[in-house]
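Novice: Structure incoming, see below.
The values are calculated or read from the model by the stated rules, or taken from the named source; none is laboratory data. Only a predicted model underlies this, so the values are computations on that prediction, with no experimental measurement involved. Quick reminder, even Gly has a Cβ in these numbers, built from the backbone with ideal geometry, and neighbours come from all protein chains shown. When the accessible area is computed, the model is the full protein with side chains, heavy atoms only, and any ligands, DNA or RNA have been set aside. Shrake-Rupley method; radii C 1.70, N 1.55, O 1.52, S 1.80 Å.
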Amino acid sequence: MSDYQSYGFENVEVEGTEKSPSILLNKDEGIIELRGKSIPENTREFYYPFNRWLTEYSYSPAEKTEVTVALQYMNSSSSVVITRLIKLLDDMIGLKSDVSVKWYYEQDDIEMKEQGEYYQSIMKIPIELIEVEMI
């Protein structure tokens with residue numbers, strides 16, 4: 001198993017690589033960020049501690065939760081994780097916390113824009129789409 005598994009429910013900062021995103025999880029300030037590329041070799045193993053952290057956070061979230069998703073690319077297995085994040089925010093955290101999501105996409109990346117639009121259409125929490133030149 002990966003050493004990512006050990007970060008528990010602390011404030012976490014994971015540096016991104018060419019295949020995995022940087023992750024910032026700050027339970028005290030209600031900050032959740034994913035940035036970069038999400039094509040890890042073993043998506044389930046990489047995101048396992050992330051999912052555990054989110055579940056813990058959902059029990060007692062900050063008063064306000066600010067989520068930033070700024071991915072250049074994500075594979076289909078990463079998309080499953082992001083969908084779980086958005087649904088958890090919508091279903092559980094949104095009942096206890098004022099949640100806002102900023103979904104960044106590059107101006108020529110139609111797939112990431114459409115993914116953000118899809119989440120906007122199915123979720124109750126506000127998802128702001130932000131077009132940028134480069135992530």
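Novice: List, please: which pairs have Cβ atoms under 6 Å, are six or more places apart or on different chains, and start with a residue in the range 48-76 that is over 15 Å from K96 (Cβ atoms) and end with one that is buried (at least 21 other Cβ atoms within 10 Å of the Cβ) and of a type in the set (S, T, N, Q)?
Specialist: Here the result reads L71/S38; M74/S38, each pair linking the range 48-76 to a residue that is buried (at least 21 other Cβ atoms within 10 Å of the Cβ) and of a type in the set (S, T, N, Q).
Novice: Being within 12 Å of T65 (Cβ to Cβ) and surrounded by fewer than 13 Cβ atoms within 10 Å (Cβ to Cβ) is the filter here, so list the residues in the range 122-135 that pass it.
Specialist: Kept after step one, since they are within 12 Å of T65 (Cβ to Cβ), are these residues of the range 122-135: 125-126.
If the condition is that a residue be within 12 Å of T65 (Cβ to Cβ) and surrounded by fewer than 13 Cβ atoms within 10 Å (Cβ to Cβ), then P126 is the only one that fits.
Novice: Look through the range 21-55, keep the residues that are assigned to a loop (DSSP other than H, G, I, E, B) and touching a helix residue (DSSP H, G or I) at 6+ places or on another chain (Cβ under 6 Å), and return whichever of them is least open to solvent (accessible area, probe 1.4 Å). Explain how you work it out, then say what you get.
Specialist: From the range 21-55, those assigned to a loop (DSSP other than H, G, I, E, B) are 21, 27-30, 39-42; that's our starting set.
Then keep just the ones that are touching a helix residue (DSSP H, G or I) at 6+ places or on another chain (Cβ under 6 Å); that gives 27, 40.
On the way: K27: 60, P40: 15 Å².
The selected residue is P40.
So that you can scan it fast, the table gives a plain yes or no per residue for (1) in contact with a Lys or Arg (Cβ under 7 Å, 6 or more places away or on another chain); (2) modelled with pLDDT of 90 or more:
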position	(1), (2)
Y4	no, no
G8	no, no
I23	no, yes
R35	no, yes
I39	yes, yes
F46	no, yes
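Novice: Another question, then. Name the residues in the range 28-45 that are closer than 18 Å to A70 by Cα and either polar (S, T, N, Q) or under 13 Å from the mean Cα position of the chain (by Cα) (or both), would you?
Specialist: Pass one, the range 28-45, residues closer than 18 Å to A70 by Cα: 30-40, 43.
Listed by number, the residues that qualify are G30, I31, I32, E33, L34, R35, G36, K37, S38, T43.
Novice: Just to verify a result, which residue in the range 83-94, among those that are closer than 18 Å to S20 by Cα and at pLDDT below 90, is surrounded by the most Cβ atoms within 10 Å (Cβ to Cβ)? Lay out the reasoning, then the answer.
Specialist: Looking only at the range 83-94, we keep the residues that are closer than 18 Å to S20 by Cα, and these are 83-85.
Pick out the ones that are also at pLDDT below 90 and you get 84-85.
Details: R84: 15, L85: 21.
Filtering the range 83-94 for residues that are closer than 18 Å to S20 by Cα and at pLDDT below 90, the one surrounded by the most Cβ atoms within 10 Å (Cβ to Cβ) comes out as L85.
Novice: Could you check the range 25-41 and list, in sequence order, the residues that are more than 22 Å from D109 (Cβ to Cβ) and touching a residue at least 40 places away in the same chain (Cβ under 8 Å)? Full working, then the answer.
Specialist: Residues of the range 25-41 more than 22 Å from D109 (Cβ to Cβ): 25-31, 41.
Selection gives G30 alone.
Novice: Right, something else. If you take the residues in the range 69-82 that are β-branched (V, I, T) and surrounded by 15 or more Cβ atoms within 10 Å (Cβ to Cβ), which one is modelled with the highest pLDDT? Show your work before the answer.
Specialist: Taking the range 69-82 and keeping what is β-branched (V, I, T), we get 69, 80-82.
This time we only want the ones that are surrounded by 15 or more Cβ atoms within 10 Å (Cβ to Cβ), so: 69, 81-82.
Values: V69: 97, V81: 88, I82: 90.
Taking the candidates together, the pick is V69.
Novice: So, in the range 103-117, exactly how many residues are in a helix (DSSP H, G or I) and closer than 16 Å to T68 by Cα? Reasoning before the result, please.
Specialist: Taking the range 103-117 first, the residues in a helix (DSSP H, G or I) are 110-117.
Narrowing further to those that are closer than 16 Å to T68 by Cα: 112-113, 115-117.
Total satisfying the criteria: 5.
Novice: Checking Y59 against (1) under 20 Å from P126 (Cα atoms); (2) among the aromatic types (F, W, Y); (3) surrounded by fewer than 19 Cβ atoms within 10 Å (Cβ to Cβ), only one condition comes out false. Which one?
Specialist: (1)
Novice: Oh, and also: In this structure, does V67 turn out to be of a type in the set (V, I, T) and in a helix (DSSP H, G or I)?
Specialist: Working: of a type in the set (V, I, T): yes; in a helix (DSSP H, G or I): no.
No; evaluated as a whole, the condition is false for this residue.
Novice: Restricting to the range 95-121, and then to whatever is of a type in the set (S, T, N, Q) and touching an Asp or Glu at 6+ places or on another chain (Cβ under 7 Å), can you tell me which residue is least open to solvent (accessible area, probe 1.4 Å)?
Specialist: Here is the first cut: in the range 95-121, the residues of a type in the set (S, T, N, Q) are 97, 100, 107, 115, 120-121.
Okay, now just the ones that are also touching an Asp or Glu at 6+ places or on another chain (Cβ under 7 Å), so 97, 100, 107.
Details: S97: 11, S100: 38, Q107: 107 Å².
Step by step, filter the range 95-121, then rank; the result is S97.
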